[in-house]
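Rule-based calculations on the coordinates, nothing more; no lab input. All values derive from a computational prediction rather than experimental measurement. FYI the Cβ positions are ideal-geometry reconstructions off the backbone, even for glycines, and counts take in every protein chain you see.
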Amino acid sequence: MSLRASTSQTIGPYLRIGLEWMQIEDLAPKGVAGERVSIRGRVFDADGKPVNDAAVELWQANSHGRYAHPDDKQDKPVEATFRGYGRSLSDDNGAFRFNTIKPGRVPGPGGKLQAPHLSITIFMRGLLKQLQTRMYFPDDAANAEDPVLALVPAERRSTLIARRSGDTLEWSIVLQGDNETVFFDF
Amino acid sequence: MTLAPYRRPYWNTQPEYLFPKYASTVKRAPSQPLIALPHTLSEVTAPVFGHDEVKPGDADLTRQHKGEPQGERIVVSGRVLDENSRPVPNILVEIWQANAGGRYNHRVDQHDAPIDPNFTGAGRFLTDKDGHYRFMTIRPGEYPWRNHHNAWRPAHIHFSLFGQGLMQRLITQMYFPGDPLLDYDPMFTCVADEKARNRLVSTFDWETTLPEYALGYRWDIVLRGREETPREKRR
């Protein structure tokens, strides 16, 4: 029998009541392998106003390029203390943050390797369904051959690549207008 | 390793980003074309949660404080299935809601209905092996909001569900049968397909009603399903 997926509805303004118990901004406890990265970003609306009620969720592979999920059957190490999931609820400045490790490369379409990336899902009041996007890492040669980045018009790719600023990676999300972040039809 | 992609949403059953009747979409909807995302290993996997994080008591919203909350106790239960009618076991379901007077326990909520000191309005459940979930809670009240003149939200409970793949992630709202506010609500009416809307409405359920204690409401939730190849169908 075939069913149809339930209709999405907005997360609304009161998301903290339900989601704050599991805010995970530090994904990688001591001992997890990989290059440590500190990601800082803000969410902006069409007027450049910070969005203070967004939930930003992150899903990523470990530094070996393996997901902590039973359907990932690659012959690569799993790390019991690294799930790869993060959730940051934006503050009054629209700011979100993640401290994690840079993921390894995972296979993409046709078995071709993807560049290291974070899958980012965004919920907020005013979105009747989530936005789906990705964050890539600066100065990574693999970006040039990434099969998903290749689908994005060249002039917009920079919205998906974080910028290095001292010890942190800066990556902001612009919902609409100049420098609008690339979002995916998923 | 090749994993089948998830099916595309059925026509008119999922909302668009820009929906001016819901005023907040105007400044928050993307204006540039969306890029079609292939479903790679990154999209067909998702975080896994366990009982070390979600305790059985997390599903009872009426027992989180010293006293009983105000309002009418209800049991909300159902099944999580995918579009291929398969149960979705062991996934995290999070809910949140207003109290019986239509007030959220949240600093942004300025509605002058009283806060209930015995009601937070948050619950969690991990679906069982057959995809079942069950919450004990209070029937939430309707409340006004400022989307348009004399705007009121129908009674609803917010649901957040993880799936077995990132593409199944769903946040939605459950409504109550016979609520006269549904037809006036821009969120409920955000999709053209009337059957799709009506699937957001729970049904009264005599079988899960607890005698002399709580009314039962049943609501099944459907997450996206994978495309099936002919060979998989024969198996």
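Of all lysines in the structure, those lying under 24 Å Cα to Cα from B:Lys55, and not within fewer than 8 positions of it along the same chain, are B:Lys66, B:Lys129. Per-residue 3J(HN,Hα) values for the range A:44-52, derived from phi via the Karplus relation 6.51 cos²θ - 1.76 cosθ + 1.60 with θ = phi - 60°, read 10, 8, 4, 8, x, 7, x, 8, 9 Hz in sequence order (x marks Gly and Pro). Please give the Cα centre distance for the range A:117-145 versus the range A:1-60, rounded to the nearest Å. Result: 11 Å between the Cα centres.
Along its first, second and third principal axes, ordered by size, chain B spans 55, 40, 31 Å in Cα coordinates.
The charge dipole of the protein assembly as shown, taken about its Cα centre with unit charges on the Cβ atoms of Lys, Arg (+1), Asp and Glu (-1) only, comes to about 660 debye. Measuring nothing but alpha carbons in the range A:15-174 and taking Rh as the Kirkwood radius, the Rg to Rh ratio lands at 0.95. The phi-based Karplus calculation (6.51 cos²θ - 1.76 cosθ + 1.60; θ = phi - 60°) puts the 3J(HN,Hα) values of the range B:92-105 at 7, 10, 10, 10, 8, 6, 6, 7, 4, x, x, 10, 8, 7 Hz, whole numbers, x for Gly and Pro.
Pick out which of A:Glu170, A:Glu35, A:Glu155 has the largest mean-square fluctuation in a Gaussian network model of chain A, springs linking Cα atoms closer than 10 Å. Result: A:Glu155 has the largest fluctuation of those listed.
Amide H to amide H distances under 5 Å link B:Gln173 with A:Gln9, B:Phe159, where only residues 5 or more positions off or on other chains count and H is placed in the peptide plane. Cross-link reach is defined here as a Cα-Cα straight distance under 21 Å, omitting same-chain residues fewer than 8 places apart; for B:Lys195 the lysines meeting it are A:Lys129, B:Lys21.
About the Cα centre of chain B, what is the dipole size in debye to 20, counting +1 per Lys and Arg Cβ and -1 per Asp and Glu Cβ, all else neutral?
Working: 30 positive and 29 negative charges, 138 e Å.
The dipole magnitude comes to about 660 debye.
Dipole of the protein assembly as shown computed with +1 at Lys/Arg Cβ and -1 at Asp/Glu Cβ about the Cα centre; of B:Phe159, B:Gln32, A:Trp21, farthest Cα towards the positive end is B:Gln32. Its Cα centre serving as origin, chain A has a Cβ charge dipole (Lys and Arg +1, Asp and Glu -1) of approximately 360 debye. Only aspartates and glutamates eight or more places from A:Lys73 in sequence, or on another chain, were considered; those with a Cα closer than 17 Å are B:Glu43. If the elastic network links every pair of Cα atoms under 10 Å, which of B:Leu37, B:Leu126, B:Leu61 fluctuates the most in the Gaussian network model of chain B? Looking only at B:Leu37, B:Leu126, B:Leu61, the biggest GNM fluctuation is shown by B:Leu37.
As an equivalent ellipsoid, the range B:1-141 spans semi-axes of 33, 25, 13 angstrom, where each value is the square root of five times an eigenvalue of the C-alpha gyration tensor, largest first.
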